[in-house]
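**Q** The structure that follows is given in the form of structure tokens.
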Amino acid sequence: MDPKNSRFSTQISHLALDIGGTLIKLVYFSPNGDNCEDGSIVVGNGCSVVQGRLCFAKFETRKIDDCLDFIRFNILQHSGVQHTNGTARDKLSVKATGGGAFKFADLFKEKLGIVFDKEDEMHSLVCGVNFLLKTVPREAFTYLDGQKEFVQIDHNDLYPYLLVNIGSGVSMIKVDGDGKYERISGTSLGGGTFLGLGKLLTKCKSFDELLELSHQGNNRVIDMLVGDIYGGTDYSKIGLSSTAIASSFGKAISDGKELEDYQPEDVARSLLRMISNNIGQIAYLNALRFGLKRIFFGGFFIRGLEYTMDTISVAVHFWSRGEAKAMFLRHEGFLGALGAFTSYKDQSHSTELKPHHHTVERAVLKCSDDDSFRHIPVTANVNDGEAIECSINLV
Amino acid sequence: MDPKDYRFSTQISHLALDIGGTLIKLVYFSPNGDNCEDGSIVVGNGCSVVQGRLCFAKFETRKIDDCLEFIRFNILQHSGVQHPNGTAGDKISVKATGGGAFKFAELFKEKLGIVFDKEDEMHSLVSGVNFLLKTVPREAFTYLDGQKEFVQIDHNDLYPYLLVNIGSGVSMIKVDGDGKYERISGTSLGGGTFLGLGKLLTKCKSFDELLELSHLGNNRVIDMLVGDIYGGTDYSKIGLSSTAIASSFGKAISDGKELEDYQPEDVARSLLRMISNNIGQIAYLNALRFGLKRIFFGGFFIRGLEYTMDTISVAVHFWSRGEAKAMFLRHEGFLGALGAFTSYKDKSHGNDLKPHHHAVQRAVLNCSGDDNCRHIPITANLSDGEAIECSINLV
């Protein structure tokens, strides 16, 4: 390869997008060093191997322009393939998944000269999880009795499992092997419901704000408990303690209070409990259906919040009498984007697109815990500390 | 028996209560004619058979005094066992179920001299359904494609079935025979959630008002549909049309609107859809678990509303690929009270209690479809037209 071309192509941060109903998730490869002379390149067998890291960023879908700017200034610019007007000189093919790969295809072409190479959403999610579980240690963990415990994944005993991706809505996918999966269920009571109802009920402005509120809330203010109906006692005959929730938001019927009379913290707490418990229950019922013992939870709903992980874990472990286990993922929200990213394997689909093929082959088995990630000036929700050191083969 | 005593005991409307988290349900027997000389009495084998009807009434649990008044003036008074202070002359034992049988036991004893003979809630629900299915024709019906169709129940092929009682919260009970049952599941997203969230979001004051609002609403205003994420197309690969709901209340995230900017009709509609669909799904998943083909829905959630029945029926029939059927009940909200009522079989439990034993044995196989239930002056939620003509044996 002509070195000049090589510099352009190696400096392009290989990029994949997962554009969902609420969030846009980016995965891109950032080579070590600012230009490729400094980066570690090993040339052999007609291909180059570049060391660097997989980086992650997310944006709100309704603020898609922020995402376009990020890509323009941080990725296209460095790649040297940019026109003066900010679009790619030649059309770039970029892997994209999620509904937005369809919905915003024209926008990306027009504004950035990027052509979406679409990948199926379910397929991407599954590829993403499988990739993470196989290449990144300390990716999956359980949360029980206040304890976080990383899970050692036995690659020979990985399948089958249930993947529950909690996005705006929820998809539940039975995974039987690499690329072998079936979406068996889902629910429309997902992250979008939590945030949507939360915004209407509490005037808060963001997901993180709602989670923050819920920290301080007490769900017993608004939820009707078994004890409220039974006058303080358990209904032990059917295994329900007096503090079990009989009816979410049930007290709002008879309290004689208006919405304004309730603490937003309590509302947020009850809402979080309601959605988390419901997802845990439907997940468990589906795992039971197919005899699945492990349930991996993906999507940006959980965000490491202990109350959520506890609610889901209890729902799964308790109702399955220990048969099924709930497991969480460090890169939970980037499954689709990662799956799309790892699908760059084939030759370019048409001759006028620049060949940006790569295969992520030798990911260094090490997650960076420290703040080694290079900060990009443009405001973006870049996930510090979650970058994955790896090397990729450029073909 | 001394005829005078007899008159008192036959005129006592045999009564059973189901006191839940939100509603108090009453079933009582009203003999034909105002005094027993007019009523049809057949004496034989040491027992009397009285013709009359089972009547139904309901009250809000938070307005329990209305219920006490109703019982005092319409039942105790007629029975002639009342003290001048309004309580029962001797303590009367009355069958009661639901949590309120515990919570309000003291209140009823103090105010009316009524001692609760407590019946288990699950047991009463099951007895109530079995009683209705066996003795009342045209009790159960399906609702498909806008068509209501009564179901002919084959008594030899009744079991097993799934009973889903939608009260403040939801209980799901697998019924294997008369008195043979197990509560296998439930959900805290029930009628109480619908009304609780509904009151907070729309300022409406009652369940019926909320249902009324939902009639005129359009769920697509607030719900995020598959088409909203995918730019108008279906996600046919996984069987979701563009109008399928991906995320309930998901649009409230990005609309830039406040709660006040939404039409309460649309909010009510989305809420009803969300709760109904969720119940249908969890019901179906539990029916699947045990190979149950029939799911009977009880409780006061449905109230004959077509949108609700349609949502639940679709959730059940569609996801079970026609394996399971959703069935609704005319006396849906009175299952527990009826079950408690039919448990008056044994002798009185204590010597100081008046013997009000009766066994509902020969219910005339004829539901009164017309409005011949005797109207009681005090404002009570009498279910007109749902009275069941029957005869009871007095022992």
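**Q** Take each of the peptides B:23-32, B:51-60, average the number of other beta-carbon atoms within 10 Å over its residues, and list them starting from the highest. Could the numbers behind the result be given before it?
**A** Numbers: B:23-32: 24.1, B:51-60: 21.9.
With the highest mean Cβ count within 10 Å placed first, the list reads B:23-32, B:51-60.
**Q** What's the average, rounded to a whole number, of partner chain beta-carbon atoms within 10 Å of each residue's beta-carbon in B:58-70?
**A** Per residue, the number of nearby Cβ atoms from other chains is 1 on average.
**Q** Once you have the Kirkwood Rh of the stretch A:131-192 from its Cα pairs, apply Stokes-Einstein at 10 °C and 1.306 mPa s and quote D in µm²/s. If you can, show how the numbers build up before the last one.
**A** On the way: Rh = 13.2 Å.
The diffusion coefficient I find is 120 µm²/s.
**Q** Show me, for the stretch B:209-220, the HN-Hα J-couplings you get by feeding each phi into the Karplus relation (A = 6.51, B = -1.76, C = 1.60, θ = phi - 60°), rounded to Hz, glycine and proline as x.
**A** Once rounded to whole Hz, the list reads 5, 5, 5, 4, 4, 4, 3, 9, x, 10, 6, 6.
**Q** Once you average over the residues of A:225-236, how many Cβ atoms of partner chains fall within 10 Å of each Cβ? Mind showing how you got there, number by number?
**A** Working: counts 3, 4, 2, 4, 15, 8, 9, 3, 3, 0, 6, 0.
Partner Cβ neighbours, averaged per residue: 5.
**Q** Summarise the partner chain shielding of B:181-188 as one whole number: the mean count of Cβ atoms from other chains within 10 Å of each residue's Cβ.
**A** 5
**Q** I've got another one for you. Quick check: residue separation of B:Asp65 and B:Lys293 times 0.36 nm, minus the Cα distance between them. What number comes out in nm? Before the final figure, lay out the partial values.
**A** Values: separation 228, 0.36 × 228 = 82.08 nm, distance 4.18 nm.
Extra length available between B:Asp65 and B:Lys293 comes to 77.9 nm.
**Q** Next question, about the same structure. Could you sort B:Arg220, B:Arg294 by accessible area so the largest value comes first, with the probe set to 1.4 Å? Walk me through the numbers on the way to the answer.
**A** Numbers: B:Arg220 125, B:Arg294 40 Å².
If we order B:Arg220, B:Arg294 from most to least accessible, we get B:Arg220, B:Arg294.
**Q** Now for a different question. Show which lysines lie in cross-link reach of A:Lys251 when reach means a straight Cα distance below 23 angstrom and same-chain residues fewer than eight apart are skipped.
**A** Straight-line reach from A:Lys251, under 23 Å: A:Lys199, A:Lys203, B:Lys25, B:Lys58, B:Lys63, B:Lys103, B:Lys199, B:Lys203, B:Lys205.
**Q** Under a 5 Å amide H to amide H cut-off, with H placed in plane at 1.01 Å, what residues pair with B:Tyr181 once short-range neighbours are removed?
**A** Correct list: B:Asp176.
The values are calculated or read from the model by the stated rules, or taken from the named source; none is laboratory data. Just so you know, these numbers come straight off a predicted model, no measurement behind them. In this analysis, Cβ positions are derived from the backbone assuming ideal geometry, glycine residues included, and neighbour counts consider all displayed protein chains. Surface accessibility is based on the protein's heavy atoms, side chains included, excluding ligands, DNA and RNA. Shrake-Rupley method; radii C 1.70, N 1.55, O 1.52, S 1.80 Å.
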